[in-house]
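S.K.: Attaching a single structure in structure tokens format; questions to follow.
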Amino acid sequence: MKFDHFARRKLKSHVVTVLAGLTVVAVLYPLIDIIYTAFVHGGAVLFQLMFLTSRNPTPCSAISCATVGIAPDIEGTVAMVGIAALISVPIGVLAAIFASEYRTRGIGRVVSFTADVLSGVPSILMGAFIYGYLVLVNPSLIETAYTGGVALAAIMIPIVTRTTEEALRTVPNSTREAAIALGISKWKMTLRIVLTSALPGVVTGVLLGVMRAAGEAAPLIVTVGFSNLPINSVSTLNGPAGSLPVLIYLFAQSPYSNWLSLAWGAVLFLLIAVLIVNVLSRYMIHRLSAKMAGAG
Amino acid sequence: MSQRRVARWPDQVFFVIVILVAFLVIALAFAIVAILLYNSQQSFRVFGWAFLWSTTWDPNKQIYGALPFVVGTLLTSTIALLIALPLSLGSAIFITTVAPRWLRAPLGTAIELLAAIPSVIYGFWGIWVVHVYMDTTVDPALQKYLGWTGAFSGTYTGFGVLTASIILAVMIVPTISAISRDTLAAVPAAQKEAALSLGATNWEMTRVAMIPYSRLGIVGGIILGLGRAIGETMAVLMVIGSSDRLPTSLLGNGSTISTLIASELLSNNGPLQISAILECGLVLLLISLSVNVVARLLVWRITKSAGGAVA
């Protein structure tokens, strides 16, 4: 009897194990399916000549139609994410320095907590916030690439702040003490020694923030709109601009076959970029923390 | 012995710059609330508190009420949570207690990669893969076997509230799973060994010694996942089949606050509509802020106490 009871408990444990294994399969299935379908439908498009360097095509549904390329959308994404990085990286890094290096003042904790909560604010609300601000201040700036860059900056600031703060924290205190003991001033120590030691971690965090911003469509459709004109001078940033995520959204259900294949190509391109950067940065973070643990 | 004094003023200047920028981050949080609040005034003057429970949203007649979108937001994120919860916990338990050590990190990374995929790509996948499957298989089956409940009535197209919820579920699994995994992995070995030494099976050890120990962290992860689902825009927008009315069936069309903002903010129906949309945005902000603050406090408390807790 005793043995039967034990066998039943063992069986139950095995059943749960199998169920838990099945949930892992169910969770990973979408990842594999997204990558698979993107390659099946977008592979032939992405790897054709000039896809990354040509203009969007005119709509067309015949088999002979050209798919051409996504150059204006790449330019738009690069321009807006670039603006966002120019604004958010200095702000995020300095705020993180405050939160990590001046922690005794107590406000440091408030800053990290605020950044944490801000990173949970839905991205569409960052767009709505910038829109609401410009409606009051200067409506003519709505639907320009500049505005899109600012909206993306609002999304990147909390990400850069948190990742930089964490990177700064991996620098052992003995490094700071050694620097202070040699008579260096605090600001020089912070910038030249602490920030430099944490630099790989900071760069990784910025890269993750950049990829997050590059994939955002929601704040852009309420602040930038869309355009398929190329971005060839600074003045074009004063008007609507294309971007990869908005292109994917707008062309997703296009009745024109060449626009739809264009969107598939863009999906695959964005997916590959995001996955590569994420895997590489995870690897970097892993190696860094291993190194730090060894040094500490 | 000569001693060179280091000038103090550069330090002070640096401190001022750094603290000003830090306050800028805090100011950003307040500015978001203030701007949405300020823009809501016009709509609030016209509709008052009834805005929150009015079900009519009609840009032609300039009558606006938020309820269809609030209901859509809560409905999609609740269903998403119900679907995501067992999947996240199951995968977290598998990774921490069952999987061989060499497999743990790769599995965890793979699940976290799901969180890196842009929302618009989920929407695209939703349109071309999930929608087709829903339309041909899931929706008809639900209507046939569960139609009597009333939740799956009406015509179906494969788009709608349920499709949106399923995609949301896929998107929030990594959040819940990662935090559950971290807290389960933080359970002290002594705790687990105690259960095993009493003759517990693997599952009994998980249930008795690990889940109660990490319960707070798991709850924090669930709330963070909920917060993500509440604000998600593009994936939902692309498959929910927008409608300005209260959803009548899980297979029918709906809208959430974020899809409303995305689809109507640039539609130029006058300042009252803009004001009403931004008031909806304010409601969304308050919901997601409260959810996030609760979750962060929970997760913070745990990470803080994890170092000190000794079994």
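S.K.: Residues that are within 14 Å of chain B (Cβ to nearest Cβ), touching a residue at least 60 places away in the same chain (Cβ under 8 Å), among the hydroxyl-bearing types (Ser, Thr, Tyr) and assigned to a helix (DSSP H, G or I): does the stretch A:36-57 have at least one?
M.R.: no
S.K.: Take B:Phe44 and tell me if it is touching a strand residue (DSSP E or B) at 6+ places or on another chain (Cβ under 9 Å), more than 10 Å from chain A (Cβ to nearest Cβ) and among the hydrophobic types (A, V, I, L, M, F, W, C).
M.R.: no
S.K.: In the stretch B:21-55, what residues are part of a loop (DSSP other than H, G, I, E, B) and over 18 Å from B:Thr259 (Cβ atoms)?
M.R.: B:Trp53, B:Ser54
S.K.: Among the listed residues A:Val206, A:Val210, A:Val222, identify the single one that is out of contact with any strand residue (DSSP E or B) (no Cβ under 9 Å at 6 or more places or on another chain), part of a helix (DSSP H, G or I), modelled with pLDDT of 90 or more and within 10 Å of another protein chain (Cβ to nearest Cβ).
M.R.: Result of the check over A:Val206, A:Val210, A:Val222: A:Val222.
S.K.: Okay, next question. Within the stretch A:180-189, does at least one residue satisfy the condition of being part of a helix (DSSP H, G or I), more than 9 Å from chain B (Cβ to nearest Cβ) and surrounded by fewer than 16 Cβ atoms within 10 Å (Cβ to Cβ)?
M.R.: Checked against the condition, which is being part of a helix (DSSP H, G or I), more than 9 Å from chain B (Cβ to nearest Cβ) and surrounded by fewer than 16 Cβ atoms within 10 Å (Cβ to Cβ), the stretch A:180-189 yields at least one hit.
S.K.: Please count how many residues of the stretch B:154-187 are surrounded by fewer than 16 Cβ atoms within 10 Å (Cβ to Cβ) and either among the hydrophobic types (A, V, I, L, M, F, W, C) or modelled with pLDDT of 90 or more (or both).
M.R.: Going through the stretch B:154-187 one residue at a time, the tally reaches 1.
S.K.: Could you check how many residues of the stretch B:79-101 are hydrophobic (A, V, I, L, M, F, W, C) and farther than 12 Å from B:Leu168 by Cβ?
M.R.: Total satisfying the criteria: 9.
S.K.: Name the pairs whose Cβ atoms lie under 7 Å apart, with the first residue in the stretch B:204-231 and without any contact (Cβ under 8 Å) to a residue 24 or more places away in the chain and more than 10 Å from chain A (Cβ to nearest Cβ), the second among the charged types (D, E, K, R) and surrounded by fewer than 23 Cβ atoms within 10 Å (Cβ to Cβ), and 6 or more positions between them or separate chains?
M.R.: Pairs found: B:Ala209/B:Lys192.
S.K.: Filtering the stretch B:82-122 down to residues that are over 16 Å from the mean Cα position of the chain (by Cα) and outside any helix (DSSP H, G or I), which residue is farthest from B:Leu237 (Cα to Cα)?
M.R.: B:Pro100
S.K.: Here's another thing I want to ask about it. Would you mention how many residues in the stretch B:188-202 are surrounded by 11 or more Cβ atoms within 10 Å (Cβ to Cβ), farther than 20 Å from B:Gly217 by Cβ and within 14 Å of another protein chain (Cβ to nearest Cβ)?
M.R.: Residues flagged as surrounded by 11 or more Cβ atoms within 10 Å (Cβ to Cβ), farther than 20 Å from B:Gly217 by Cβ and within 14 Å of another protein chain (Cβ to nearest Cβ) within the stretch B:188-202 amount to 5.
Yes/no per residue for (1) among the aromatic types (Phe, Trp, Tyr); (2) on the phi < 0 side of the Ramachandran plot; (3) out of contact with any helix residue (DSSP H, G or I) (no Cβ under 8 Å at 6 or more places or on another chain); (4) facing chain A (nearest Cβ under 7 Å):
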site: B:Pro10; (1), (2), (3), (4): no, yes, no, yes
site: B:Phe14; (1), (2), (3), (4): yes, yes, no, yes
site: B:Ala22; (1), (2), (3), (4): no, yes, no, yes
site: B:Leu37; (1), (2), (3), (4): no, yes, no, no
site: B:Gly48; (1), (2), (3), (4): no, no, yes, no
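S.K.: Go through the stretch A:239-296 and give me each residue that's hydroxyl-bearing (Ser, Thr, Tyr), surrounded by 14 or more Cβ atoms within 10 Å (Cβ to Cβ) and within 18 Å of A:Val210 (Cβ to Cβ).
M.R.: A:Ser243, A:Ser281
S.K.: Another question about this same structure. Filter the stretch B:92-112 for residues that are in contact (Cβ under 8 Å) with a residue 40 or more places away in the chain and among the aliphatic types (A, V, I, L, M) and give the result.
M.R.: Once the filter is applied, which keeps residues that are in contact (Cβ under 8 Å) with a residue 40 or more places away in the chain and among the aliphatic types (A, V, I, L, M), the stretch B:92-112 yields B:Ala92, B:Ile93, B:Ile95, B:Val98, B:Ile111.
S.K.: In the stretch A:176-184, is there at least one residue being more than 19 Å from the chain's Cα centre (by Cα) and touching a residue at least 24 places away in the same chain (Cβ under 8 Å)?
M.R.: No, the conditions are met nowhere in the stretch A:176-184.
Yes or no, residue by residue, for (1) more than 9 Å from chain B (Cβ to nearest Cβ); (2) in a helix (DSSP H, G or I); (3) more than 17 Å from the chain's Cα centre (by Cα):
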site: A:Ala241; (1), (2), (3): yes, no, yes
site: A:Val246; (1), (2), (3): no, yes, no
site: A:Asn258; (1), (2), (3): yes, yes, yes
site: A:Leu268; (1), (2), (3): yes, yes, no
site: A:Ile272; (1), (2), (3): yes, yes, no
site: A:Asn278; (1), (2), (3): no, yes, no
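S.K.: Moving on. Specify the residue that is surrounded by the most Cβ atoms within 10 Å (Cβ to Cβ); the eligible residues are those in the stretch A:133-162 that are within 14 Å of chain B (Cβ to nearest Cβ) and among the hydroxyl-bearing types (Ser, Thr, Tyr).
M.R.: By that ranking, first place goes to A:Thr161.
S.K.: If you go through the stretch B:154-175 one residue at a time, do you hit one that is within 16 Å of B:Asn253 (Cβ to Cβ), of a type in the set (Phe, Trp, Tyr) and in contact with a Leu (Cβ under 6 Å, 6 or more places away or on another chain)?
M.R.: Within the stretch B:154-175 (the criterion being within 16 Å of B:Asn253 (Cβ to Cβ), of a type in the set (Phe, Trp, Tyr) and in contact with a Leu (Cβ under 6 Å, 6 or more places away or on another chain)), the answer is yes, since at least one residue qualifies.
S.K.: Counting only residues that are in contact with a Phe, Trp or Tyr (Cβ under 9 Å, 6 or more places away or on another chain) and free of Cβ contacts under 8 Å to residues at least 24 places away in the same chain, which one in the stretch A:70-103 is farthest from the other protein chains (Cβ to nearest Cβ)?
M.R.: Here the answer is A:Tyr102.
S.K.: What tally of residues in the stretch B:232-274 results from selecting those that are within 11 Å of chain A (Cβ to nearest Cβ) and either modelled with pLDDT of 90 or more or assigned to a helix (DSSP H, G or I) (or both)?
M.R.: So the answer is 20.
The values are calculated or read from the model by the stated rules, or taken from the named source; none is laboratory data. Because the structure is a prediction, the values reported are computed rather than measured. Counting neighbours? That spans all protein chains shown, and the Cβs are built from the backbone with ideal geometry, glycine included.
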